[in-house]
Protein chains: 2
Amino acid sequence: MDIKTFRNYGHRFVDWIADFYENIESYPVLSPLKPGEVKKKLPLSPPIEGEEMGRIFDDFQKIILPGVTHWQHPSFFAYFPANSSMPSVLAEMLTASLGAQCMVWQTSPAGTELEEVVMEWLRKMIGLPEGFTGVIQDTASTATLCALLCARERSTGFSVNSRGFYPDKEAQRLAVYTSTEAHSSIEKGVKIAGFGRENLRFIPVDEEFRMIPEELEKAIEKDRAEGVTPCCVIAALGTTSSLALDPLRAIGEITRREGVWLHVDAAMAGSAAILPEKRYIMDGAELCDSFVFNPHKWLFTNFDCSAFFVRDPGHLVRTFSINPEYLKTSVDMEVKNFRDWGIQLGRRFRALKLWFVIRSFGVKGLQEKIREHIRIAEEFAGWVREDPRFELVAPVSLNLVCFRYNPAGSKLSEDELERINRELLEELNLSGKLFLTHTKLAGKYTLRLCTGQTSTSLKHVREAWERIRTARAISAM
Amino acid sequence: MDIKTFRNYGHRFVDWIADFYENIESYPVLSPLKPGEVKKKLPLSPPIEGEEMGRIFDDFQKIILPGVTHWQHPSFFAYFPANSSMPSVLAEMLTASLGAQCMVWQTSPAGTELEEVVMEWLRKMIGLPEGFTGVIQDTASTATLCALLCARERSTGFSVNSRGFYPDKEAQRLAVYTSTEAHSSIEKGVKIAGFGRENLRFIPVDEEFRMIPEELEKAIEKDRAEGVTPCCVIAALGTTSSLALDPLRAIGEITRREGVWLHVDAAMAGSAAILPEKRYIMDGAELCDSFVFNPHKWLFTNFDCSAFFVRDPGHLVRTFSINPEYLKTSVDMEVKNFRDWGIQLGRRFRALKLWFVIRSFGVKGLQEKIREHIRIAEEFAGWVREDPRFELVAPVSLNLVCFRYNPAGSKLSEDELERINRELLEELNLSGKLFLTHTKLAGKYTLRLCTGQTSTSLKHVREAWERIRTARAISAM
């Protein structure tokens, strides 16, 4: 492709993207396609001759687009959001064009230094104390794995790295603690790092789905009594199912006393800490050893961009450091080489989009968005609360509402309730007008409505509520 | 930002990008900045009020751009390339705009199905046999870690995942094998997965830096005799220092016989397998259990895009599978949910750029580029060979030339040679006109010239050679 053709299609793509954003509400949120429908329209073998971009772009619109679930649709209420914004998309255009590898300082000094600066901005914005240092990871899954590895190495004097899990005489059994509501990435990380799932303790939660510190204490004591070394606690600042906030201060006091690594997974909820009136969620966060939240979830920055903070980067660097001749540079003693701050060697220039987003919105602009998302979730929760046919299944801590159809006095069994709410969910999602997902809370099949997509407003949750309460699945009830 | 402003800046950015590509040779390849020079121009705190995009874009050009090392400059000969192309950049614009999460099928059916199709295209293009299944990972580091984890679990009946490295009675000591020339990501992966660096065996190489199969055999025997279980061999199809090709068939026969997992790291060189005349490099690849190469290195596709193939995806899924309620969908039994094929839960829609690149170039177009890169590397090697002041330090297998200044009959010590070649390298890189990096081969300080940037042509290696042979650092010699 020559530059003229690129310029031509670049402009066409910009107009298409702008139109797409303008009309995004006309697309179904959840792709209506059945398994195999995209695949069957694509050839089994690659083309031998190059094709015109016009034809590829046509196929993108005809074949691919109908198979896309629109995470940028304002009626996307599913999972946690992966929101984006126009300044972020603009930055991604530049990032893709520069195509810079930010593995070491030399391979793009601005990549490293801008990352240092914007991570420091973020640290201040969420109120983590000075002394925490940030690095961008791809996902919270990866950040949590990094935390588990640092904890493993600190617990064993860096001997698993060097010798494996094989001390001379005694078993080096390490335990990890998280709540029964914790994210699946923790179990995955525990397996990857070689702890074994058997050594992951699921600490019970209270009626609001928060880890019970006394139960954590008991589990740690029990392990010590059995010769198992308590290694790492992972607290959720916002569980995935219900956004429950584990009590950080109480947990942090235990981990400090016990010399156990505390990692805080604030994947979505961390963004709320930029609001002065929500800053209380960070109470006790200063006691943690590492902290992660995802600007790619609820801070208008394209996936992937996960903000990982550590109290002592020395652990990170000592855990991950490699130093082959072909990566040495003359300034290695003066700079940060982020290749040693995580799992991957290769790194995109991800700081750029964060810089664009923070500057374009300004802290105030970001706060307004987050505040409004929380406000409309609370409004929605109010409607649920007032309607006798529905109930809230968990407290609404920030921008997630967990609810279900369960008419007052109906005495439907849990199985019946699950069936009806499942049908309700399916009907709503098939409409293409909104997308919710489900979970289970204390055994109850629960619908989740999360308000975090960049352009979601009161209008959208109003429409959602209207569709929910008038759905056919529950109209005969 | 409103859509009108986005449209306006989108068009300005497209023009800037097109101009940037048009004039890229006027930029210094290696950023000339000193540590701290970007940082000191940036405020310590984020702006409270939002800023105009025009101002951000100005700062990007004034502050950030001078700190970028230009990986897309045709005189970028350093490391391995991370090349890109205009169709790939166009696709990245769409990917960023859709902002779709491809963690499970439902979250974007086209994301999953296009990935299945393009990975099948790639499999055919490089001549891996039917039966290998592909998935896109972010980097070869991650893919290699996935392979190590699958090997670990296969060796132990999936018991490290469930129980950790603690069998009831005997030590479950597992060994991993790679050559002394292997990439640093292997040691990193061995540490992450809990094997311990002590259990990583560095197998000696021959005079062409290829793993010696007989030495591998001996190391496996020795481990068995000592009660250690041989678990995984990682062969390099193109080492980082010299692009040495480990003998896959001989190694594969050993791993098959011994029941050891064979992973092939073909990070850059794998792309050469799309050429019929270079297909011989894949001889024996059919014996491996997993294989990785990076279209983001030498197949004109933006970072990150690493193509990982496995013989039996069952190992991958069983190693990584998690199944929390909040991720369950009604079609889970009918579809691939790529969240279970790797470490991260979140996944970008990376198949799109690969689809754009393969279709826009066509297989023929890709072959022409790769063929030309190899041809100009060979030309360059010829000039080195003919100049009595220089020597080749390793055979030129594909697009990497390892050479140094070492005048015939000069009897300079290794220390003196290192000093001179280091000065030569520094002089060349400071010129901003080209960027090379170094390595050590059999103790010899060596310069590497890799021809893989998308627009690198004979003209650029000619200019590079002219600068090298007339450099001040060696003019007095």
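The values are calculated or read from the model by the stated rules, or taken from the named source; none is laboratory data. Nothing here was measured: the structure is a model prediction, and the numbers come from that model. We place every Cβ from the backbone using ideal geometry, glycine too, and count neighbours over all the protein chains shown.
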Exercise for the section: From B:Phe293, B:Phe308, B:Phe300, grab the single residue that is within 19 Å of the chain's Cα centre (by Cα), aromatic (Phe, Trp, Tyr) and closer than 24 Å to B:Pro230 by Cα. Expected result: B:Phe308
Practice task
Write out, first by first residue and then by second, each pair whose Cβ atoms fall under 9 Å of each other, whose residues are 6+ apart or on separate chains, and whose first residue, in the range A:1-23, is without any contact (Cβ under 8 Å) to a residue 40 or more places away in the chain and facing chain B (nearest Cβ under 8 Å) while the second is among the β-branched types (Val, Ile, Thr) and surrounded by fewer than 20 Cβ atoms within 10 Å (Cβ to Cβ).
Solution key: A:Ala18/B:Ile3; A:Glu22/B:Ile3
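To keep it simple, each residue is scored yes or no on (1) at positive phi; (2) within 11 Å of another protein chain (Cβ to nearest Cβ).
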residue	(1), (2)
A:Ser185	no, yes
A:Lys188	no, yes
A:Gly194	yes, yes
A:Arg197	no, yes
A:Asp223	no, no
A:Gly227	yes, no
Practice task
May I ask you to list the residues in the range B:72-94 that are at the interface with chain A (Cβ under 7 Å from one of its Cβ atoms) and part of a helix (DSSP H, G or I)?
Solution key: B:Met86, B:Pro87, B:Val89, B:Leu90, B:Glu92, B:Met93, B:Leu94
Problem - Set A:Ala91, A:Ala18: member being modelled with pLDDT of 95 or more, outside the structural domain of A:Leu428 (by TED's automatic domain parsing) and under 29 Å from B:Tyr9 (Cβ atoms) - result: A:Ala91
Handout entry: the range A:401-426, residues that are under 17 Å from B:Thr107 (Cα atoms) and either in contact with a Ser or Thr (Cβ under 6 Å, 6 or more places away or on another chain) or surrounded by 15 or more Cβ atoms within 10 Å (Cβ to Cβ) (or both)
Key = A:Leu425
Practice task
Kindly check whether there is at least one residue in the range B:249-257 that is away from every other protein chain (no Cβ under 14 Å), farther than 27 Å from B:Gly443 by Cβ and polar (S, T, N, Q).
Solution key: yes
Problem - Answer residue from the range A:118-136, given it is touching a residue at least 60 places away in the same chain (Cβ under 8 Å) and part of a helix (DSSP H, G or I) and is nearest to B:Lys39 (Cα to Cα) among those - result: A:Val118
Practice task
Check the range B:382-394 and report whether any residue there is over 16 Å from B:Val29 (Cα atoms), at pLDDT below 95 and not assigned by TED's automatic domain parsing to the domain that holds B:Ser179.
Solution key: no
Practice task
Mind checking which strands (runs of 3 or more DSSP E) fall wholly inside the range B:328-444 and carry at least 2 residues that are in contact with an Asp or Glu (Cβ under 7 Å, 6 or more places away or on another chain)?
Solution key: B:400-405, B:437-441
Practice task
Could you check, for the range A:374-382, whether at least one of its residues is buried (at least 22 other Cβ atoms within 10 Å of the Cβ) and in contact with a Cys (Cβ under 9 Å, 6 or more places away or on another chain)?
Solution key: yes
Problem - Condition check for A:Ile212: surrounded by 20 or more Cβ atoms within 10 Å (Cβ to Cβ), of a type in the set (Val, Ile, Thr), at pLDDT 95 or above and under 24 Å from the mean Cα position of the chain (by Cα) - result: no
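Sort out which residues of the range B:439-458 are farther than 21 Å from B:Asn83 by Cβ and surrounded by fewer than 23 Cβ atoms within 10 Å (Cβ to Cβ), and write them in order of number.
The answer is B:Lys440, B:Leu441, B:Ala442, B:Gly443, B:Lys444, B:Tyr445.
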Exercise for the section: Could you pull out the residue among B:Val363, B:Val331, B:Val384, B:Val310 that is farther than 20 Å from B:Gly189 by Cβ, touching a Leu at 6+ places or on another chain (Cβ under 6 Å) and not small (Gly, Ala, Ser)? Expected result: B:Val384
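Could you go through the range A:300-315 and let me know if any residue there is assigned to a helix (DSSP H, G or I) and within 8 Å of chain B (Cβ to nearest Cβ).
no
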Completion exercise
Given (1) within 20 Å of the chain's Cα centre (by Cα); (2) buried (at least 24 other Cβ atoms within 10 Å of the Cβ); (3) hydrophobic (A, V, I, L, M, F, W, C), A:Val176 misses just (1)
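Pick from B:Arg389, B:Arg371: which is touching a Ser or Thr at 6+ places or on another chain (Cβ under 9 Å) and in contact (Cβ under 8 Å) with a residue 24 or more places away in the chain?
Just one listed residue meets the conditions, B:Arg389.
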Exercise for the section: Give, as residue ranges, the strands (runs of 3 or more DSSP E) completely inside the range A:179-269 that count at least 1 residues that are closer than 30 Å to A:Ile370 by Cα. Expected result: A:229-236, A:261-265
Handout entry: Any pair with Cβ under 7 angstrom, 6 or more apart, that starts in the range B:137-157 at a residue that is within 9 Å of chain A (Cβ to nearest Cβ) and surrounded by fewer than 24 Cβ atoms within 10 Å (Cβ to Cβ) and ends at one that is among the β-branched types (Val, Ile, Thr) and in a helix (DSSP H, G or I)
Key = B:Glu153/B:Val160; B:Glu153/B:Thr319
Exercise for the section: Take the range A:44-71 and flag every residue that is in a loop (DSSP other than H, G, I, E, B), under 24 Å from B:Arg348 (Cβ atoms) and either β-branched (Val, Ile, Thr) or more than 8 Å from chain B (Cβ to nearest Cβ) (or both). Expected result: A:Val68, A:Thr69
Fill in the blank from the handout: Residue pairs within 6 Å by beta carbon, gap of at least six or interchain, first lying in the range A:435-450 and without any contact (Cβ under 8 Å) to a residue 12 or more places away in the chain and more than 10 Å from chain B (Cβ to nearest Cβ), second among the aliphatic types (A, V, I, L, M) and surrounded by fewer than 24 Cβ atoms within 10 Å (Cβ to Cβ), listed first then second, are none
Problem - Positions within the range A:107-116 being crowded, with 24+ Cβ neighbours inside 10 Å and within 7 Å of chain B (Cβ to nearest Cβ), in sequence order - result: A:Thr107, A:Ser108, A:Pro109, A:Ala110, A:Glu113, A:Leu114
Practice task
For B:Arg201, indicate whether it is at pLDDT 95 or above, within 21 Å of B:Thr446 (Cβ to Cβ) and among the basic types (Lys, Arg).
Solution key: no
Handout entry: Answer from B:Ser84, B:Ser88 - the residue that is within 30 Å of A:Phe80 (Cα to Cα) and not basic (Lys, Arg)
Key = B:Ser88
Problem - Qualifying residue in the range A:124-133 (condition: closer than 19 Å to A:Asn302 by Cβ and either touching an Asp or Glu at 6+ places or on another chain (Cβ under 9 Å) or crowded, with 24+ Cβ neighbours inside 10 Å (or both)) - result: no
